[in-house]
Amino acid sequence: LCDDSWMGNCAKYQLNSGGKRFRAILALLASKIFGLSKQVSHDIAICCEFIHNASLIHDDLQDRDLLRRGLPTIWNRFGDHTAINLGDLFISASFETISKIKTLPDLKCLAIDELSKIFVSFVKLFFLDIFFRINVVDQKRKRITNALDTTDKKFTAIAIDSLFEANIEKTAPII
């Protein structure tokens, strides 16, 4: 994943950009509580980091955030297409990591099923974020339009005229 290819370098940039690795630490602690092997514990922690970073990359792109942890976000530094592809690469890597864990097939299937549900939840949350953002802007536009429609048209005309005249006086050349 973190090879010398374009996407590999972008992945290194994202994964080396800082952060507390809190989700990975929680996964390691939970793995220890359940008595999982070190390799399985590490794989689960890596999967958690891939999931988290995929969500950060897609969220930064969707929200058009310029910085994360004081550094340019993936989309800001490398472009929208790279951000989409890198986020998707991390999603794919999380499934690959889980699928390679040496455990009972039924447990592996259960883990993959749960991972799928996590990503479905992410997509729903991202959709709701867009939906409510668009809906709020649309509601504000409707309120302004309704206010203008119900305002005394004479007052509106006077206000527009006075603004126009003030602007002309500021920009008119002095002769």
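The values are calculated or read from the model by the stated rules, or taken from the named source; none is laboratory data. Nothing here was measured: the structure is a model prediction, and the numbers come from that model. For neighbour counting, all protein chains shown are included, and Cβ atoms are generated from backbone atoms with ideal geometry for every residue, glycine included. These accessible areas exclude ligands, DNA and RNA; they are computed on the full protein's heavy atoms, side chains included. Shrake-Rupley method; radii C 1.70, N 1.55, O 1.52, S 1.80 Å.
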Every residue in the range 3-40 that is in contact (Cβ under 8 Å) with a residue 40 or more places away in the chain, assigned to a helix (DSSP H, G or I) and within 20 Å of Thr73 (Cα to Cα), please.
Trp6, Met7, Cys10, Ala11, Tyr13, Gln14
Do we find a residue being free of Cβ contacts under 8 Å to residues at least 60 places away in the same chain, farther than 18 Å from Ile98 by Cβ and surrounded by fewer than 20 Cβ atoms within 10 Å (Cβ to Cβ) anywhere in the range 41-63?
no
For Lys102, the lone unmet condition from (1) closer than 21 Å to Lys12 by Cβ; (2) of a type in the set (D, E, K, R); (3) in a loop (DSSP other than H, G, I, E, B) is (1)
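Return the residues of the range 12-37 that are aromatic (Phe, Trp, Tyr) and more than 15 Å from Asn53 (Cβ to Cβ); say none if nothing qualifies. Even if it seems obvious, please write down each step before you answer.
Our first condition is that a residue be aromatic (Phe, Trp, Tyr); within the range 12-37, this holds for 13, 22, 34.
Passing the criteria: only Phe34.
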Could you give every pair whose Cβ atoms fall below 6 Å, whose first residue belongs to the range 104-117 and is under 16 Å from Phe50 (Cβ atoms) and touching a residue at least 60 places away in the same chain (Cβ under 8 Å), and whose second residue is open to solvent by less than 50 Å² (accessible area, probe 1.4 Å) and of a type outside the set (Gly, Ala, Ser), counting only separations of at least 6 or pairs across chains?
Leu115/Ile98
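Which count do you get for residues in the range 64-87 that are open to solvent by less than 30 Å² (accessible area, probe 1.4 Å) and part of a helix (DSSP H, G or I)? Lay out the reasoning, then the answer.
Narrowing the range 64-87 to residues open to solvent by less than 30 Å² (accessible area, probe 1.4 Å): 73-74, 79, 82-83, 86-87.
Now narrow it down to the ones that are part of a helix (DSSP H, G or I): 74, 82-83, 86-87.
Counting residues in the range 64-87 that are open to solvent by less than 30 Å² (accessible area, probe 1.4 Å) and part of a helix (DSSP H, G or I) gives 5.
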Being charged (D, E, K, R), over 17 Å from the mean Cα position of the chain (by Cα) and surrounded by 13 or more Cβ atoms within 10 Å (Cβ to Cβ) narrows it down to one of Lys117, Lys100, Lys108, so name that one.
Lys108
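In this structure, does Ser17 turn out to be farther than 30 Å from Arg133 by Cα and either over 17 Å from the mean Cα position of the chain (by Cα) or not acidic (Asp, Glu) (or both)? Working first, answer last.
Values: farther than 30 Å from Arg133 by Cα: no; either over 17 Å from the mean Cα position of the chain (by Cα) or not acidic (Asp, Glu) (or both): yes.
When the stated conditions are applied, Ser17 does not pass them.
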